[in-house]
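Visitor: Pasting a structure here, questions to come.
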Amino acid sequence: MINKKIERYLENHYQQYLGKQHKMKVTHVVDRGHYYQFHLWKDDALVIGETVWKNDLMRKID
């Protein structure tokens, strides 16, 4: 469930600030208190250790 919220937030973020649409998949989500840490598949590349603040995530999605 949280994976989909993070993916949606990142897709909106990339579209708004970079004007690009990427295929994204979030894996290995870890709750670190005030933020989530995760691995991000963006197109065919894996980025390890990405983070998103919970405040940003809840404000943009809700």
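The values are calculated or read from the model by the stated rules, or taken from the named source; none is laboratory data. The structure presented is a predicted model; accordingly, all values stated were derived computationally and were not measured. When we count neighbours, we look across all protein chains shown, and the Cβ atoms used for this are built from the backbone with ideal geometry, even at glycine. Heavy atoms of the whole protein, side chains included, go into the accessibility calculation; ligands, DNA and RNA do not. Shrake-Rupley method; radii C 1.70, N 1.55, O 1.52, S 1.80 Å.
Visitor: Which whole-number percent gives the relative contact order of the chain, counting Cα pairs below 8 Å spaced six or more residues apart? List each step's numbers first, then the result.
Guide: Values: 83 pairs, mean separation 17.4, N = 62.
That works out to 28 percent.
Visitor: Turning to a different aspect of this structure: Before rounding to the nearest 500, sum -39500 (n - 2.57) across all DSSP H runs of length at least 4 in the chain and divide by the residue total; then give [θ] at 222 nm in deg cm²/dmol. Mind dumping the intermediate values first?
Guide: Details: 2 runs with 25 residues, N = 62.
That calculation yields -12500 deg cm²/dmol at 222 nm.
Visitor: What's the magnitude of the charge dipole for the chain around its Cα centre, counting Lys and Arg as +1 and Asp and Glu as -1 at the beta-carbon? Answer in Debye, nearest 20.
Guide: On the way: 11 positive and 8 negative charges, 26 e Å.
Charge dipole of the chain: 120 debye, to the nearest 20.
Visitor: Could you run the Karplus curve 6.51 cos²θ - 1.76 cosθ + 1.60 with θ = phi - 60° over region 29-44 and give me ³J(HN,Hα) per residue in whole Hz, x for Gly and Pro?
Guide: Values per residue, Gly and Pro as x: 6, 10, 7, 10, x, 8, 8, 10, 10, 7, 9, 10, 8, 10, 6, 10 Hz.
Visitor: Rank these by accessible area, largest first, 1.4 Å probe: Lys4, Lys42.
Guide: On the way: Lys4 130, Lys42 55 Å².
Correct descending sequence by accessible area is Lys4, Lys42.
Visitor: Moving to a separate point now. Leaving out ligands and nucleic acids, and using a 1.4 Å probe, what accessible area per residue does the chain come to in Å²?
Guide: So the chain comes to 74 Å² accessible per residue, rounded to a whole number.
Visitor: Scan around Glu50 for amide H atoms under 5 Å from its own, H built in the peptide plane at 1.01 Å from N, and keep only partners 5 or more places away or cross-chain.
Guide: Under 5 Å from the amide H of Glu50 lie the amide H atoms of Phe38, Leu40, each far enough along the sequence or on another chain.
Visitor: Something else about it: Under the classification rounded if a/c is under 1.5, otherwise prolate if a/b is larger than b/c and oblate if not, where does the chain fall, given a ≥ b ≥ c as square roots of the Cα gyration tensor eigenvalues? It would help to have the intermediate numbers written out before the result.
Guide: Values: a/c = 1.92, a/b = 1.14, b/c = 1.68.
In terms of gyration-tensor shape, oblate.
Visitor: Moving to a separate point now. Ignoring everything but the protein chains, give the 1.4 Å probe accessible area of Tyr14 in square angstrom, nearest 10.
Guide: For Tyr14, the solvent-accessible surface is approximately 40 Å².
Visitor: Which ³J(HN,Hα) values in Hz, rounded to whole numbers, follow from the phi angles of region 3-18 under the Karplus curve 6.51 cos²θ - 1.76 cosθ + 1.60, where θ = phi - 60° and Gly and Pro get x?
Guide: For region 3-18, the Karplus curve yields 4, 5, 5, 5, 4, 4, 4, 5, 4, 5, 4, 4, 5, 5, 9, 10 Hz.
Visitor: Right, here's the next one. Run the 1.4 Å probe and let me know the accessible area of Val30, rounded to the nearest 10 Å².
Guide: For Val30, solvent-accessible area is about 60 Å².
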